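The values are calculated or read from the model by the stated rules, or taken from the named source; none is laboratory data. What you see is a predicted model, and the numbers here were worked out from it, not measured in a lab. With ideal geometry, Cβ positions are generated from the backbone for all residues, glycine too; neighbour counts draw on all protein chains shown.
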Amino acid sequence: MNITPNESTTDLLTPRVENGLIRAHGYMALVMVVISALFGIAVSIKFNWPEFLGGSSVMTWGRMRYCHTQGIFFGWLGNAFLAFLYYAVPRLSMKPVSSRSLGWLMFVVWNFGMVIPGWMLMMHGFSQPLEWAEFPIIVDIVVIACFVLLNLQFVVPFLRGKLSDLYVTGWYFLGAITFTTLAYPVGNLVPEFVPGARGASFSGLWIHDSIGLWVTPLAVGIAYFVIPASTGRPIYSHFLSMIGFWLLFFVYPLNGTHHYIFSSIPMEAQMGAIVASVYLGMDVILVVTNQLLSLRGSTGKVAANVALRFTWAGIVMYLIVSLQGAAQALMPVNKLVHFTDWVIAHSHLALLGFASFVAIGGLLHVWKNTAGARYSPRAANWSFWLLSVGLFLMFIDLTIGGLVQGQLWESSASWMESVNASRIFWMTRTLSSIPILAGFICLCLAMTVGERVGASQAEEPADASIEAVNLVRPVAVLPEEAGKFAWLRSAYVLTGVAGIGCFAMSFLVLAVWPNQELSRTIAQTKPAFAVPMTESELRGRAIYAREGCAYCHTQMVRSTEFDTRRFGPVSRAWETEDEYPQMWGTRRVGPDLARETRKRPTDWQLTHLYSPRYVVPESMMPGYSWLFNGSPDSPTEDALNLVAYLESLGRNGVLAGLGRSRLESTSTMELTTGEVVAAGNAHTGGFDESLIPMDRGPAPMLAGKWSERERASLANDGHKLFIANCSGCHSDCGCSIAPGAASLFPKPKDLTVVRLSETHLSDVLWNGIEGSSMPAWSELPLSDLRALAAFVNQISKPKYETPPSLTANELVTATKLYSTHCALCHGAQGQGDGISAAALAPRPTSFYDELPTIKFAAEALKSGIPGTAMVHWNTKLTESEQALLVRYLRSFYQAAKTTNDKLRENSK
Amino acid sequence: MIVNLIVGGVTLLMLLFVLVWIFFPATRNWFERPKHRFMETERMMDEKHKS
C-alpha cells in the first residue's frame with residue numbers, strides 16, 4: 001500500500017488517518033447538499049407555482065420530493081458523517097480503519113452506486129412510497145451492502161481496541177453503524193412484503209430509526225468530539241454521557257409508531273410509542289445538559305470558533321426538536337398538528353438544524369485539521385449566519401402554518417380554506433430557502449477556498465487560547481482499584497449486548513406483536529365479500545406510488561372526530577390488507593383519499609389529473625399532463641389505471657357498510673360480544689365513531705327576504721366565491737365555457753340558460769348532483785352558500801319571460817307526446833320522478849324546479865345531453881313536436897314557490 | 001404494557017450505574033477515564049500533525 005506523507009501518517013503510537021478519503025467524502029458532501037437543497041427548493045416553489053418545471057414526469061413534485069429527502073439523508077449527511085468517521089475513528093480506537101482500498105470502494109459505491117443511481121431511478125419512476133425509505137429495492141440492497149462495509153471499515157477497529165476504555169463518541173458511532181445495519185432492512189424491505197397496517201408497524205419504526213439510529217447518534221457523537229477538541233477541555237461528565245447514550249439506544253427504537261397515532265395499529269403499541277417518546281425527551285435533556293456544561297466558560301470560544309459555534313447551535317436545536325417531538329407524540333397535540341406543516345418544520349429542525357449544523361461543525365473541525373484541505377473561516381462564518389437566519393425563518397413559518405392548518409382542519413372550514421390560508425406560509429418557506437442555499441454555497445467556499453491547511457492545522461483566533469497539555473488531566477486507575485472494579489470493564493460490553501437485545505425487543509413489541517394482533521383483528525373483521533383490486537387498479541396504484549401522491553394525500557382516516565366528520569368512517573386495518581406497501585402517508589397537503597370511491601365521477605378525476613385548476617380553480621396540485629395525449633378527454637392507459645385506483649379507495653368499506661350503524665362484517669356474527677368489542681377497539685383505538693352524527697341534514701333554504709340592495713350585495717360576494725370555487729367548471733360568467741368543462745360528462749350546467757327554483761338550487765349546492773362532477777358544498781359557511789345562490793339567481797334571472805300559454809289543442813297533443821316519450825324518466829308532473837328515474841344518475845331534470853330557456857330546451861331535445869340518460873329526439877320527433885314539447889315542459893315550472901318576489905307580492 | 005416494562009427495566013439498569021457511581025466513589029475515575037484518554041489522544045494527534 002502506497003502511503004505518501006501528505007496523504008496519511010503512520011507510526012507505532014498514532015494510527016494512520018486516511019486524509020484522501022476525508023477530503024473525497026467532504027467534497028462529495030458539498031456537491032450533494034447543494035443538489036439536494038435545489039431539489040427541496042424546486043419542491044417548495046411548486047407549492048406556490050404548481051406548474052413550475054411542470055409538463056415533465058421526471059421533474060414532478062413527488063419524484064423531486066423523494067430525491068430531496070434521500071439526497072439529504074444519504075448524499076449530504078451520509079458523506080459528511082463518513083468524512084468525520086475517517087477522521088475520528090482512528091483517534092478514538094487508536095487503530096486505523098480496516099482498509100484504504102475498501103474505503104475507496106465504499107466511496108464509489110455509496111455515491112455512484114447508491115445516491116446518484118437512486119436519484120435517477122426515482123426521477124424515472126422507480127421508487128418506494130415510504131417516508132425516508134424512498135429508494136427502490138435494488139438500491140436498498142446497495143445500501144445494505146454499504147452498511148455491511150461500514151461495519152468492516154469502522155466497527156472492526158473498535159473491536160480490535162479496548163471497548164471498556166472507549167470514549168462516548170466511539171460508542172455512538174458503534175451504535176449508529178450496527179443498529180442501522182439491522183434497522184434498515186426491516187424498515188425498507190419488510191413493508192414490501194407485509195401489507196397495509198401490518199407493514200405500517202414496520203415502516204413506522206424506520207421513519208424514526210432513520211433519524212434516531214443513524215443521524216442522531218452520529219451527530220451527538222460528533223458534538224461530543226468537537227466540543228472537547230475545540231475547547232481543549234474534557235466533557236463535563238463521561239458517566240452522564242454514557243447514561244445518555246444507553247438510554248437513547250434503549251428507548252429510541254420504541255418511538256416509531258408515534259407516526260401512526262389514531263391509526264388501526266393496536267392502541268397498546270401506540271401508547272408504548274408515546275411513553276417512549278416522552279421518556280426520550282427526558283434523555284435528551286440529560287445529553288444536552290451534559291454537552292452544554294462541557295461548554296461552560298467557553299463562550300468566547302463558541303463565538304470565535306465557527307466549527308464549535310455550528311456544533312453548539314446544533315445541540316441547542318437538538319434539545320428543542322426532541323422536546324417538540326416528545327410533545328407532538330402526545331395525543332392532544334398529535335391530534336392537532338399531525339399531517340400539518342408543523343411536522344415539516346419539526347423535520348427540518350431535526351435534519352437541517354440539529355443534524356446538519358453538527359455535521360457542518362464536524363466537517364469544519366476536520367477540515368482545518370486535515371492536511372491539504374483549504375479552509376476559510378470568513379466564508380464559514382457567513383455560512384453559519386445565513387443558515388441560521390434561513391432555518392429560523394423556515395421553522396417559525398412552518399410551525400405557525402401547521403398550527404393554522406390544524407385549527408382549520410378541526411373546524412368546519414372547507415379544505416380549500418386551509419390551502420388558501422397556507423399560501424403565505426408556503427411562500428415564506430420558499431423565501432427562507434434563499435439564505436439557506438446561500439449558506440450552503442458559503443460552506444462550499446469555506447471548504448474550497450482560503451488558505452490550504454498544511455502540516456500545521458489552520459488556526460482560528462480561538463484555537464490560540466487552547467493550552468492542551470495543561471488542560472488534559474490523565475487519570476490512572478490504581479492496580480488494586482482496577483482489580484476491584486474489573487467487572488465494570490465488561491459492564492459496558494454487557495450493556496451493549498443488552499442494547500442489541502432491547503433493540504430486537506423493540507421490533508418484537510412495536511412491529512412483530514402488533515402484526516400478530518392485526519392479523520387476528522383482520523381475520524375477525526375483514527368481510528368475506530371484500531373485493532380485491534383489479535389489474536388495472538394495481539397498475540394505477542403503482543403510478544400513485546411513483547408520483548409521490550402519498551406525500552400530499554393520506555389514506556388514513558384517523559379515529560378523531562374531525563377526521564371522521566371531514567373524510568368519513570375511520571380506516572380499518574383490513575381495508576389496506578392488499579396494499580404492498582401501505583400508503584397511509586405522513587402529511588396532508590390535499591385531502592385524505594381513503595374514502596374516495598364514488599365521491600367523484602371518472603371524467604372529473606381525469607380532468608383534475610390533467611389540470612387540477614380546470615375543476616378546482618384555487619388548487620395547488622401539480623398537473624399530470626404526461627398521462628394524457630394532449631387533452632383531459634384523451635387519457636393514456638396510465639391515467640385510466642390511476643383513476644381506476646383512486647375510485648377503488650374505500651370501495652370495500654362502502655360494501656361493508658362502514659359509516660352505518662351495523663356490524664362490520666359477516667364473520668363477526670360468529671364471535672362473542674366481548675370478541676367483537678375487542679376487535680373494534682383494536683382497530684379504532686376504542687374510538688366510537690357511531691357517536692358522531694354524520695348526516696348533514698336536509699339542505700337549508702338559501703333564499704331569504706332580501707331587499708334589492710341586500711340581494712345585490714350578496715350577489716357581489718357570491719360572484720367572488722363563484723370565481724374561487726365554481727369557475728373551473730362553470731367559467732367566471734357561469735356559462736360553462738371553461739376548459740375543464742369540455743372533458744366533463746355531463747357538461748357543467750350553463751347557469752345563464754336555466755333558472756333553478758330556490759329549493760332546488762339550495763339542494764344542489766348542499767348535496768351536489770350525483771352522477772355529475774357537481775360536488776356537495778355543504779362544508780362552505782351558510783353565508784357563503786347564500787351569496788352563491790344569490791349570484792346564480794342573478795345570472796339566470798334576466799333571461800326569462802313568462803312563457804306563453806298553450807291552446808287546448810296544443811295542450812292535448814303535448815300531453816300525449818310528453819306521456820309517451822318523457823314521463824318514464826321525468827315523471828307525469830315533470831318532477832323528475834318517473835319510473836326509471838331512481839336508476840339514473842344524474843337524475844332526470846325536474847321541470848318543476850328547473851326552467852330552461854326555449855333555445856336551450858330545444859337544443860337538448862334535438863341533440864340530447866351527453867353524459868346523461870337524455871338521448872336526442874331529432875329523428876323521433878318532428879321539429880314542431882319538439883317545439884311544442886319545449887313550451888309544454890316549461891309550463892311545469894313552479895315559479896310561485898321560488899321567489900321572494902311572490903311572497904312580497906302576497907304581503908302587498 | 002410491554003413497553004412500560006422495557007422503559008422501567010432500562011431505568012433500573014441506569015439506576016444501577018448511578019448507584020455504583022454514588023456508593024463506590026473509586027469507580028468515578030474509571031467512568032471518567034475515557035474522556036481524559038480522548039484528550040490525550042487528541043493532543044498526541046495534533047502534535048503529530050504539527051511535527
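Would you pick out the residues in segment B:14-27 that are assigned to a helix (DSSP H, G or I) and more than 7 Å from chain A (Cβ to nearest Cβ)? Walk me through how you get there before you give the answer.
The first filter runs over segment B:14-27 and keeps only residues assigned to a helix (DSSP H, G or I), leaving B:14-23, B:26-27.
Listed by number, the residues that qualify are B:LEU15, B:LEU16, B:VAL18, B:LEU19, B:VAL20, B:ILE22, B:PHE23.
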Exercise. With respect to A:GLY325, is the statement that it is surrounded by 24 or more Cβ atoms within 10 Å (Cβ to Cβ), under 28 Å from the mean Cα position of the chain (by Cα), away from every other protein chain (no Cβ under 14 Å) and part of a helix (DSSP H, G or I) true?
Worked result: yes
Problem set entry | Checking A:TYR27 against (1) farther than 20 Å from A:ALA133 by Cβ; (2) in contact with a His (Cβ under 7 Å, 6 or more places away or on another chain), the condition it does not meet | (2)
For this session: Taking A:ALA379 as meeting all but one of (1) in contact with an Asp or Glu (Cβ under 9 Å, 6 or more places away or on another chain); (2) assigned to a helix (DSSP H, G or I), write down the number of the exception.
Result: (1)
Exercise. So which pairs qualify, if the first residue must be in segment A:548-570 and within 15 Å of A:GLU779 (Cα to Cα) and at pLDDT below 95, the second must be among the β-branched types (Val, Ile, Thr) and in a loop (DSSP other than H, G, I, E, B), the Cβ gap must be under 7 Å, and the two must be at least 6 apart or on different chains?
Worked result: A:ASP563/A:VAL557; A:THR564/A:VAL557; A:THR564/A:VAL570; A:THR564/A:ILE692; A:ARG565/A:ILE692; A:PHE567/A:VAL557; A:GLY568/A:VAL557
Seminar exercise, completed: (1) under 30 Å from the mean Cα position of the chain (by Cα); (2) free of Cβ contacts under 8 Å to residues at least 60 places away in the same chain; (3) surrounded by fewer than 21 Cβ atoms within 10 Å (Cβ to Cβ) all hold for A:ILE737 apart from (1)
Problem set entry | segment A:686-722: number of residues that are at pLDDT 75 or above, surrounded by fewer than 18 Cβ atoms within 10 Å (Cβ to Cβ), outside any loop (DSSP other than H, G, I, E, B) and small (Gly, Ala, Ser) | 2
For this session: Search segment A:350-374 for residues that are closer than 17 Å to A:LYS301 by Cβ and pair each with any residue that is among the hydroxyl-bearing types (Ser, Thr, Tyr) and assigned to a helix (DSSP H, G or I) when their beta-carbon atoms are under 7 Å apart and the residues are at least 6 apart or on different chains.
Result: A:VAL358/A:THR311; A:GLY361/A:THR311; A:HIS365/A:SER230
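Could you count how many residues in segment A:751-788 are part of a loop (DSSP other than H, G, I, E, B) and closer than 18 Å to A:LYS720 by Cα? Don't jump to the end; show me each part of the working.
Taking segment A:751-788 as the starting set, the residues that turn out to be part of a loop (DSSP other than H, G, I, E, B) are A:751-753, A:757, A:768-781.
Those still in the list that are closer than 18 Å to A:LYS720 by Cα too: A:751-752, A:777-781.
Of the residues in that region, 7 qualify.
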Problem set entry | A:ARG198 being within 13 Å of chain B (Cβ to nearest Cβ), touching a helix residue (DSSP H, G or I) at 6+ places or on another chain (Cβ under 6 Å) and over 24 Å from A:MET282 (Cβ atoms) | no
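Which one of these is part of a helix (DSSP H, G or I) and either on the phi > 0 side of the Ramachandran plot or without any contact (Cβ under 8 Å) to a residue 60 or more places away in the chain (or both): A:GLY55, A:GLY125, A:GLY71, A:GLY103?
On the way: A:GLY55 fails: part of a helix (DSSP H, G or I); A:GLY125 fails: part of a helix (DSSP H, G or I); A:GLY103 fails: either on the phi > 0 side of the Ramachandran plot or without any contact (Cβ under 8 Å) to a residue 60 or more places away in the chain (or both).
Testing whether each residue is part of a helix (DSSP H, G or I) and either on the phi > 0 side of the Ramachandran plot or without any contact (Cβ under 8 Å) to a residue 60 or more places away in the chain (or both) leaves just A:GLY71.
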Exercise. Which condition breaks for A:VAL449 when tested against (1) closer than 30 Å to A:ALA303 by Cα; (2) more than 14 Å from chain B (Cβ to nearest Cβ); (3) modelled with pLDDT under 95; (4) part of a helix (DSSP H, G or I)?
Worked result: (4)
Exercise. Any residue in segment A:810-825 that is surrounded by fewer than 20 Cβ atoms within 10 Å (Cβ to Cβ) and at pLDDT below 85?
Worked result: no
For this session: Considering every residue within segment A:219-240, establish whether at least one is away from every other protein chain (no Cβ under 14 Å) and not aromatic (Phe, Trp, Tyr).
Result: yes
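Looking at A:VAL142, A:VAL109, A:VAL148, A:VAL115, which one is surrounded by 22 or more Cβ atoms within 10 Å (Cβ to Cβ) and in contact (Cβ under 8 Å) with a residue 12 or more places away in the chain? Reasoning before the result, please.
On the way: A:VAL142 fails: surrounded by 22 or more Cβ atoms within 10 Å (Cβ to Cβ); A:VAL109 fails: surrounded by 22 or more Cβ atoms within 10 Å (Cβ to Cβ); A:VAL148 fails: surrounded by 22 or more Cβ atoms within 10 Å (Cβ to Cβ).
None of the others qualify; the one that does is A:VAL115.
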